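Each remark here refers to the structure printed beneath this line.
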Amino acid sequence: MSIHLVGGGLLAASDAAAPFLAEATARSAAVGRDTPRIGLLSVADASGTSPSSTADIASVLGDGAEVLVTEVKPGQPFDTTVLSGIDALVVGGGRTPDYLDAVVPLVDQIRLLVSDGLPYLGYSAGAMIAADRALVGGWRVGGVEVCRQDASEGLDEVELREGLGLVDLTIDVHAVQAGTISRLIASAEAEFVTAGLAIDEDTVLVVGEGALEVRGSGSVWRVVSGDDAVSVATMGA
C-alpha cells in the first residue's frame, strides 16, 4: 500500500484516484467488504465554509467507494472514531496549520494504520502535514519575502512543525501555480530543511515500496541543500 500526495487542483486531473481506489478496494476485500470505506477528513475555513476540494474529492472517489466525510471547524480536533472501520484515509485541503492542529489526537494511530498498509491520500494541506517536519506556511524568511503572501497560510515567517511522520522529506504544494517552489528553496537555503519536494497542482507523488512515482500533468520539484548551494531538479510523470 502507498502514500499518495496530491499538489492541488482537481483530483481527477492528478491521476491519483484510480491507483488509490485500487489499494482501498484490495484492503476492503481482505476483510470481506465489497465496497471500500474511505475516511475523508476536512477542516472548514474561519467562516465555516467547507473547502471546495472536499466536495471534489468525495465526488471523484465516490464512484468506487463509500466516502465518509468528517468536517471540523478550525481549532476543533478530530475524534479518533473517524479512523474506525475504514479501508483508506484522505486528509483534504485548506489551511495547513488548522489541519495539523486537528489531527493531533490521531497522529499515533494514523502512523500505525499506514505502517500496517492503510492507503493514505494527502491533498494539498494533507500532503504537507504527511512529512516528518511539516512546512505549514509563511511567506518570509528573516523578514525577506520568499513567496507570495497569499500562499502564506496566514503565517508571516516560514514555519515548520512536527508532522504525521509518513514521509521523511518536507513537502510543499501548488509549487508552480502558487510559486511555493521558491519557499522550499529558501527553506533549504536557510537550513530549515535538508531536502524537500514541491508538488505541482494536478500532480500526485506516490510513495510506496518501490521507486517514487509521479502521475498527472505537472512535476515534482526536488530541492536539496548542499554544502555550498541548493540544488533543484524535477521529477515528471
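Checking D63 against (1) modelled with pLDDT of 95 or more; (2) surrounded by fewer than 19 Cβ atoms within 10 Å (Cβ to Cβ); (3) out of contact with any Ser or Thr (no Cβ under 7 Å at 6 or more places or on another chain); (4) not in a strand (DSSP E or B), which test does it fail? Here D63 meets the rest and fails (1). Report whether or not A233 is assigned to a strand (DSSP E or B), at pLDDT below 95 and among the aliphatic types (A, V, I, L, M). In short, yes. Note on the stretch 100-123: among residues that are hydroxyl-bearing (S, T, Y) and crowded, with 24+ Cβ neighbours inside 10 Å, the one that is nearest to P74 (Cα to Cα) is Y123.
Figure legend. Inter-residue proximity from the stretch 25-49: first residues under 10 Å from A65 (Cα atoms), second residues of a type in the set (G, A, S) and in a loop (DSSP other than H, G, I, E, B), beta-carbon distance below 6 Å, spacing 6+ or different chains. Indicated pairs: P36/A65; I38/A65. If you take the residues in the stretch 211-220 that are over 15 Å from the mean Cα position of the chain (by Cα) and over 16 Å from F20 (Cβ atoms), which one is surrounded by the most Cβ atoms within 10 Å (Cβ to Cβ)? Among them, the one singled out is G218. Look at the stretch 157-180 and say how many of its residues are among the small types (G, A, S) and within 18 Å of P97 (Cβ to Cβ). Counting residues in the stretch 157-180 that are among the small types (G, A, S) and within 18 Å of P97 (Cβ to Cβ) gives 3. Whether any residue in the stretch 125-135 is in a loop (DSSP other than H, G, I, E, B) and free of Cβ contacts under 8 Å to residues at least 60 places away in the same chain is what I want to check. Among the residues of the stretch 125-135, at least one is in a loop (DSSP other than H, G, I, E, B) and free of Cβ contacts under 8 Å to residues at least 60 places away in the same chain, which makes the answer yes. Residues in the stretch 84-112 that are part of a loop (DSSP other than H, G, I, E, B) and either in contact (Cβ under 8 Å) with a residue 40 or more places away in the chain or in contact with a His (Cβ under 6 Å, 6 or more places away or on another chain) (or both): G85, I86, D87, G92, G93, G94, R95, V103.
Within the option set V146, V158, V167, V103, being closer than 22 Å to A58 by Cβ and either hydrophobic (A, V, I, L, M, F, W, C) or out of contact with any Ser or Thr (no Cβ under 8 Å at 6 or more places or on another chain) (or both) holds for one residue only, V103. With respect to (1) in contact (Cβ under 8 Å) with a residue 12 or more places away in the chain; (2) more than 29 Å from L160 (Cβ to Cβ); (3) assigned to a helix (DSSP H, G or I), the lone exception for T81 is condition (1).
The values are calculated or read from the model by the stated rules, or taken from the named source; none is laboratory data. From a predicted model like this one, the values you see are computed outputs, not experimental measurements. Glycine also receives a Cβ, built like all others from the backbone with ideal geometry; neighbour counts cover every protein chain displayed.
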